[in-house]
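Peer 1: My questions will all concern the structure given below.
No value in this document is a laboratory result; all are computed from the given coordinates. Predicted model only: the values in this text are computed from it and were never measured. Please note: Cβ atoms are built from the backbone with ideal geometry, for glycine as well, and neighbour counts cover all protein chains shown.
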Amino acid sequence: GLWVRNLRLKRRLPGPFAWPVVGNAMQLGQMPHITFSKLAKKYGNVYQIRLGCSDIVVLNGDRAIREALIKHSTEFAGRPNFVSFQMVSGGRSLTFTNYSKQWKAHRKISHSSLIAFSSGNSQTKKVFEQQITAEATGLVQIFLRLSTDGRCFNPAPEFTVVAANIMCALCFGRRYEHEDKEFRSMLTKLDKFGETVGAGSLVDVMPWLQSFPNPVRSVYENFKNLNEEFFTFVKDKVVQHRESFEPDVTRDMTDAIINKIEHSQDSGLTKEFVEATVTDLIGAGQDTISTAMQWIMLLLAKYPDVQTKLQEVMDKVVGRDRLPSIDDRNSLGHLDAFIYETMRFISFVPLTIPHSTTADVTIEGLHIPKDTVVFINQWSVNHDTLKWKDPHIFDPTRFLDENGGLDKDKTAGVMIFSTGKRRCIGNQIAMVEVFLFTAILLHQCRFEGNPSEPLTLDCSYGLTLKPLRCSVSATLRGKLLGLVP
Ligand code: HEM
């Protein structure tokens, strides 16, 4: 009995046959998260694939993923030692570093700085909300201008600028104009970041591809260059902050982080970690938020009845004489329901950043050795039929209770910020940002799709899923409101 059980425990994880050299790389397809979900139907929620020279375990479905990330949180808290990961944030990234004592200290400092700036009753929280409102009202004017004479436009470049501006305001206390060519050009390059570090990207698992002149090599080189350019941009601002730093005045988050890392006893981190932290925060907060807003615009235009309902509730709760604010959030459950449904339905961060195991671990009875690369399929949680009724249907009302309030048990089931020791530290900030942007845009404008270009959910794959085409037009609803003093 015992012998048979041991034999079974030691058996190889299930999974598709892996070809020599490439493994399963040719089978990933355009949308790896969909492929992984299909493979889960055949091999179960925990299985193994091979990409190039790496054995990779893929976790799918609500139960297996929560068992791993929550019950075995430490064992699943690692990151693989991919070469591309070491190119991020001058090699001292919080996000792309393996689990260690130093990583823990780094995460704690970054997390507490973010919380201090964005929660409770702090003055900085109010300033942060005002900055979002200012960016949003500026955006309304740009969108209306781009819609002159019923023209349609792609909102993506503008969302990229506002999302970056919010992070720059938080970290540096300054913003950039939409017309700023240098800023826009850097952001355009940064847009490609997620192609290299998304789960299923091949540059790190098939290193030999780099020794040939081929497209993979140029992806790799672009990645290195865009990280260096972005890191230099941030470092420059951090150096200016360091030179004018006064311990009693915290101007922004860069000051707060300088204070914690350089002016506290035993932070355990050298001063180079300041620029790395700020680079990580801006990078993480920029692409994700602008992607979220692109999908929100697309879905508002695609589902005009949903948009109408949101605007009716908005006009009842807020009225037409002032802009919505974060204090309206409790009364605008419909809007949060729409945002959560967008996150669930699109799952625009379909897999988390790759994890790795920090120790041997057993999940759903299957043994996974230490230092195994792990892909976590968030999309499969959000489309798990054991958890969601008709998951393939876009229906924000699934998150509302009978009184029209937000059902918090249901929203907690959406997985887009991951969970466990590596979960996103910008979750609250992100929800505030997306809520306020959407509320203000909806209050001020009606959005419509381009009649000559049907709205589809076609997208490109990477760390984030981005719409391939999004062409909309905005019309003013009533009078244009500015920032309320
Ligand atoms: C990590 C999602 C916004 C900071 C992550 C991860 C996901 C995620 C999926 C990886 C978790 C894992 O590997 O298990 C999102 C989404 C956002 C968003 C969907 C917006 C809609 C933000 C913002 C910030 C931020 C605004 C900062 C202000 C970070 C950091 C990490 C992270 C620092 C790395 C955590 C670590 O490795 O320990 N986020 N994020 N994120 N996020 Fe976010």
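Peer 1: Taking the number of other C-beta atoms within 10 Å as the exposure measure, put Lys126, Lys479, Lys302 in order starting with the fewest.
Peer 2: Lys479, Lys126, Lys302
Peer 1: Another question, if that's okay. Taking other Cβ within 10 Å of each residue's Cβ, how do Cys445, Cys171, Cys152 sort, fewest first?
Peer 2: Numbers: Cys445 23, Cys171 26, Cys152 18.
Ascending number of Cβ neighbours within 10 Å: Cys152, Cys445, Cys171.
Peer 1: Within a 10 angstrom radius of the beta carbon, how do Val205, Val432, Val349 rank from fewest other beta carbons to most? Intermediate values should be presented prior to the final figure.
Peer 2: Values: Val205 22, Val432 19, Val349 26.
Ordered from fewest to most neighbouring Cβ atoms within 10 Å, Val205, Val432, Val349 come out as Val432, Val205, Val349.
Peer 1: Right, another one. Based on the alpha-carbon gyration tensor of the chain, what equivalent-ellipsoid semi-axes (square roots of 5 times the eigenvalues) come out, in whole Å, largest first? Can you show the working numbers first?
Peer 2: Numbers: eigenvalues 261, 161, 100 Å².
Taking √(5λ) for each Cα gyration eigenvalue gives 36, 28, 22 Å.
Peer 1: Given R₀ = 22 Å, FRET efficiency for Gln141-Asn427 by Cβ-Cβ distance, to 0.05?
Peer 2: Details: r = 30 Å, r/R0 = 1.35.
So the FRET efficiency works out to roughly 0.15.
Peer 1: Which FRET efficiency value, to the nearest 0.05, do you get for Lys370 and Ile70 by plugging their Cβ-Cβ distance into 1/(1 + (r/R0)^6) with R0 = 22 Å? It would help to have the intermediate numbers written out before the result.
Peer 2: Working: r = 19 Å, r/R0 = 0.88.
After rounding, the FRET efficiency stands at 0.70.
Peer 1: Here's another thing I want to ask about it. Could you pull out which residues in the stretch 457-484 have an amide N less than 20 Å from a spot 7 Å beyond the Cα of Arg151, following the Cα-Cβ vector?
Peer 2: Counting only backbone N, you get 469-477.
Peer 1: Residues in the stretch 276-293 near a label at Gln102, defined as backbone nitrogen under 20 Å from the 7 Å Cα→Cβ point?
Peer 2: 276-281
Peer 1: Please give the length that would be gained between Lys479 and Ser460 if that part of the chain were fully extended, namely 0.36 nm times their separation in residues minus their C-alpha to C-alpha distance (nm, one decimal).
Peer 2: Numbers: separation 19, 0.36 × 19 = 6.84 nm, distance 3.70 nm.
Contour length minus the Cα-Cα distance gives 3.1 nm.
Peer 1: Extending each Cα 7 Å along its Cβ direction at Phe233 and Ser325, get the distance between those two points in nm, one decimal.
Peer 2: 3.2
Peer 1: Could you give the length gained on full extension between Thr188 and Lys387, defined as 0.36 nm per residue of separation minus the Cα-Cα distance, in nm? Please list the in-between numbers first.
Peer 2: Values: separation 199, 0.36 × 199 = 71.64 nm, distance 3.77 nm.
67.9 nm is the gain from fully extending Thr188 to Lys387.
Peer 1: Once the Cβ-Cβ distance between Gln86 and Arg12 is put in as r, and R0 is 35 Å, what FRET efficiency do you end up with, to the nearest 0.05? Don't skip to the answer; put the middle values down first.
Peer 2: Numbers: r = 30 Å, r/R0 = 0.87.
Efficiency, rounded to the nearest 0.05: 0.70.
Peer 1: Given Lys108/Lys410; Lys71/Lys370; Lys101/Lys271, which pairs have Cα atoms separated by over 24 Å?
Peer 2: Details: Lys108/Lys410 29 Å; Lys71/Lys370 16 Å; Lys101/Lys271 17 Å.
From the list (Lys108/Lys410; Lys71/Lys370; Lys101/Lys271), the Cα-Cα distance tops 24 Å for Lys108/Lys410.
Peer 1: While we're looking at this one, here's another question. Rounded to the nearest 20 Debye, what is the dipole magnitude of the chain about its Cα centre when Lys and Arg each give +1 and Asp and Glu each give -1 at the C-beta?
Peer 2: Once rounded to the nearest 20, the dipole reads 1440 debye.
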